[in-house]
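Student: Structure incoming, see below.
The values are calculated or read from the model by the stated rules, or taken from the named source; none is laboratory data. Just so it is clear, the model here is predicted, and its values are computed rather than measured. In this analysis, Cβ positions are derived from the backbone assuming ideal geometry, glycine residues included, and neighbour counts consider all displayed protein chains. Just so you know, the surface numbers come from the protein's heavy atoms only, side chains and all, with ligands and any DNA or RNA stripped out. Shrake-Rupley method; radii C 1.70, N 1.55, O 1.52, S 1.80 Å.
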Amino acid sequence: MRSLLHDIAHIEFWVEDARVVAECYQRVFGFDAIAEAGPETGLAGHRSIVLAQGDATFVVTSSVDGSGPVAEFTRQHGDGVRDVAFAVDDATQAFNEAVALGATPVEASAVAGLTKAGRTIRGFGDVVHSFVESRSLPSFFRPLSATSRATSDVGIRSLDHVAVCLPTGELDTVAEFYKRVLGFEDGHAEYVETELSGMNARVVQRGPIRFPLQEPLAQNPTGPIAEFLTLNRGAGVYHLGLLTDDICRTLHGLRGKVKALDVPDTYYEQLPTRVAALDVPMADLREFKVLVDPGPGGILLQTFTRSLHPRQTFFIEIIQRKGAVTGFGSGNIRALFDAVEADRIALAANTARG
């Protein structure tokens, strides 16, 4: 693909209630609501709110009357990511090139919010990719006043990666699609198997755009990835990695607003044997449930939050790269699987007692 994909322009969520979801991202994750559109501004049938922090931009869109493509999407998948939009020099050229290479165009009946027919292709499942020339908003969006700003941000600098769940057997097909149609390249591959579950994973990337792709194991199709596919009713965005320069500062700002997946104490007891030089206090790592992984060129620190979505599907990862400009915490993946599985067992036990 000749057209240059610079970065991810925005992530658009299709949700049941845009105002409720926007307020959650403001209150919990420190995003600012910067613009809004609806029937009163010229966006027929829908309401969209734009959220921003650092270079990360989210758009949340809902139906105003329970009809149309957004309502249909949420009935199928619940609240979730619909559009991972790419910033490009020429949206028409990028769209035409992608279609010529085998991408499927998104029809006009399946667009809303910032997603536009003639500039959008299908990705995986019901997730699409729009091509965006400028981050400036359409004229039907109106700026929101300073009273709509978050009390303070929590230090999110940008979007680091988009993690994707795929049904068993689709991993290689989807990875090859991104390579052939959009000029992505292979990153690393992972294989994880625990007593309860496992996954195959491949990373595809183009410049700063990174997609870790994951599928359940054919011989053991249970666990976190399989559970997401069941609750989401198909492939979708599993989580977004949000990049910070100071993970402890960010997690301090999130304290009391969202919980991290639990990490066993034995993880931190064994950590000094895995990471020789660590300039973050062990007490902070334990308190904020931070996982640490030495990677190419440095250290990666990450925390996985519990899902705030009604179906317990999509969640947020907070990540800091101290010199580790690539990788996604390979040494932590087993710990993440163990933590998610333990969290699900505890949740089921609490539900049974309650």
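Student: Return the residues of region 284-314 that are hydrophobic (A, V, I, L, M, F, W, C), surrounded by fewer than 21 Cβ atoms within 10 Å (Cβ to Cβ) and either assigned to a strand (DSSP E or B) or at pLDDT below 90 (or both); say none if nothing qualifies.
Tutor: Residue satisfying the conditions is I299 alone.
Student: Given the criterion touching a strand residue (DSSP E or B) at 6+ places or on another chain (Cβ under 8 Å) and either basic (K, R) or in contact (Cβ under 8 Å) with a residue 40 or more places away in the chain (or both), identify the matching residue among A22, A52, A33.
Tutor: Working: A22 fails: either basic (K, R) or in contact (Cβ under 8 Å) with a residue 40 or more places away in the chain (or both); A52 fails: either basic (K, R) or in contact (Cβ under 8 Å) with a residue 40 or more places away in the chain (or both).
Step by step, each of A22, A52, A33 is checked, and only A33 is touching a strand residue (DSSP E or B) at 6+ places or on another chain (Cβ under 8 Å) and either basic (K, R) or in contact (Cβ under 8 Å) with a residue 40 or more places away in the chain (or both).
Student: Does F124 satisfy being closer than 23 Å to V181 by Cβ, touching a helix residue (DSSP H, G or I) at 6+ places or on another chain (Cβ under 6 Å), aromatic (F, W, Y) and modelled with pLDDT of 95 or more?
Tutor: Working: closer than 23 Å to V181 by Cβ: yes; touching a helix residue (DSSP H, G or I) at 6+ places or on another chain (Cβ under 6 Å): yes; aromatic (F, W, Y): yes; modelled with pLDDT of 95 or more: yes.
For F124, the condition - closer than 23 Å to V181 by Cβ, touching a helix residue (DSSP H, G or I) at 6+ places or on another chain (Cβ under 6 Å), aromatic (F, W, Y) and modelled with pLDDT of 95 or more - is met.
Student: Working carefully through the options A201, A175, A226, A163, find the one that is open to solvent by less than 60 Å² (accessible area, probe 1.4 Å), touching a Cys at 6+ places or on another chain (Cβ under 9 Å) and aliphatic (A, V, I, L, M). Before you say what the answer is, go through the steps one by one.
Tutor: Values: A201 fails: touching a Cys at 6+ places or on another chain (Cβ under 9 Å); A175 fails: touching a Cys at 6+ places or on another chain (Cβ under 9 Å); A163 fails: touching a Cys at 6+ places or on another chain (Cβ under 9 Å).
When all the criteria are applied, what remains is A226.
Student: Given the residues T41, T74, which is the only one that is of a type in the set (V, I, T) and in a loop (DSSP other than H, G, I, E, B)?
Tutor: Numbers: T74 fails: in a loop (DSSP other than H, G, I, E, B).
Going through T41, T74 in turn, the sole match is T41.
Student: Looking at (1) over 27 Å from K259 (Cβ atoms); (2) at pLDDT 95 or above; (3) not hydrophobic (A, V, I, L, M, F, W, C), find the lone condition where R19 falls short.
Tutor: Here R19 meets the rest and fails (1).
Student: Looking at region 250-261, is at least one residue part of a strand (DSSP E or B), open to solvent by less than 10 Å² (accessible area, probe 1.4 Å) and under 20 Å from L159 (Cα atoms)? Steps first, answer last, please.
Tutor: Taking region 250-261 first, the residues part of a strand (DSSP E or B) are 260.
This time we only want the ones that are open to solvent by less than 10 Å² (accessible area, probe 1.4 Å), so: none.
No: zero hits.
Student: Given the structure, is G42 open to solvent by 10 Å² or more (accessible area, probe 1.4 Å), free of Cβ contacts under 8 Å to residues at least 40 places away in the same chain and at positive phi? Walk me through how you get there before you give the answer.
Tutor: Working: open to solvent by 10 Å² or more (accessible area, probe 1.4 Å): yes; free of Cβ contacts under 8 Å to residues at least 40 places away in the same chain: no; at positive phi: yes.
Judged against the criteria, G42 is not a match.
Student: So, one more: Within region 222-233, identify whether any single residue is outside any helix (DSSP H, G or I), under 30 Å from L51 (Cα atoms) and in contact (Cβ under 8 Å) with a residue 12 or more places away in the chain, and answer yes or no.
Tutor: Residues of region 222-233 outside any helix (DSSP H, G or I): 222-223, 233.
Adding the requirement that they be under 30 Å from L51 (Cα atoms) leaves 233.
From what's left, in contact (Cβ under 8 Å) with a residue 12 or more places away in the chain: 233.
Yes, because at least one residue in region 222-233 is outside any helix (DSSP H, G or I), under 30 Å from L51 (Cα atoms) and in contact (Cβ under 8 Å) with a residue 12 or more places away in the chain.
Student: Sort through V20, V28, V60, V15 and tell me the only one that's touching a Phe, Trp or Tyr at 6+ places or on another chain (Cβ under 8 Å) and over 30 Å from A100 (Cα atoms).
Tutor: Working: V20 fails: touching a Phe, Trp or Tyr at 6+ places or on another chain (Cβ under 8 Å); V28 fails: touching a Phe, Trp or Tyr at 6+ places or on another chain (Cβ under 8 Å); V15 fails: touching a Phe, Trp or Tyr at 6+ places or on another chain (Cβ under 8 Å).
Going through V20, V28, V60, V15 in turn, just one is touching a Phe, Trp or Tyr at 6+ places or on another chain (Cβ under 8 Å) and over 30 Å from A100 (Cα atoms): V60.
Student: A further question on this structure: Pull up region 2-26, narrow it to residues that are of a type outside the set (D, E, K, R) and in a strand (DSSP E or B), then point me to the one that is most open to solvent (accessible area, probe 1.4 Å). Give the derivation first.
Tutor: Here is the first cut: in region 2-26, the ones of a type outside the set (D, E, K, R) are 3-6, 8-11, 13-15, 18, 20-22, 24-26.
If we keep only those that are in a strand (DSSP E or B) as well, we get 5-6, 8-11, 13-14.
Working: L5: 6, H6: 79, I8: 18, A9: 6, H10: 14, I11: 2, F13: 0, W14: 4 Å².
Here the residue is H6.
Student: If you don't mind, another one. Anything in region 66-89 that is touching a residue at least 12 places away in the same chain (Cβ under 8 Å) and open to solvent by 60 Å² or more (accessible area, probe 1.4 Å)? List them, or say none.
Tutor: Within region 66-89, Q76, D89 meet the criteria.
Student: Could you please give the count of residues in region 139-154 that are under 19 Å from the mean Cα position of the chain (by Cα) and either modelled with pLDDT of 90 or more or not in a loop (DSSP other than H, G, I, E, B) (or both)? Quick ask: steps written out before the conclusion?
Tutor: Narrowing region 139-154 to residues under 19 Å from the mean Cα position of the chain (by Cα): 153-154.
This time we only want the ones that are either modelled with pLDDT of 90 or more or not in a loop (DSSP other than H, G, I, E, B) (or both), so: 154.
Number satisfying all stated conditions: 1.
So that you can scan it fast, the table gives a plain yes or no per residue for (1) open to solvent by less than 40 Å² (accessible area, probe 1.4 Å); (2) part of a strand (DSSP E or B); (3) farther than 21 Å from T61 by Cα; (4) free of Cβ contacts under 8 Å to residues at least 60 places away in the same chain:
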position: G125; (1), (2), (3), (4): no, no, no, no
position: L137; (1), (2), (3), (4): no, no, no, no
position: G169; (1), (2), (3), (4): no, no, yes, yes
position: R180; (1), (2), (3), (4): no, no, yes, no
position: H188; (1), (2), (3), (4): no, yes, yes, no
position: Q205; (1), (2), (3), (4): no, yes, yes, yes
position: P212; (1), (2), (3), (4): yes, yes, yes, no
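Student: Residues of region 195-240 being of a type in the set (A, V, I, L, M, F, W, C) and closer than 13 Å to V162 by Cβ, which ones? Step through it out loud before you land on a result.
Tutor: Going residue by residue through region 195-240, those that are of a type in the set (A, V, I, L, M, F, W, C) are 196, 199, 201, 203-204, 209, 211, 213, 217-218, 225-226, 228-229, 231, 235, 237, 240.
Across region 195-240, the qualifying residues are V203, V204, I209, F211, L213, A235, V237, L240.
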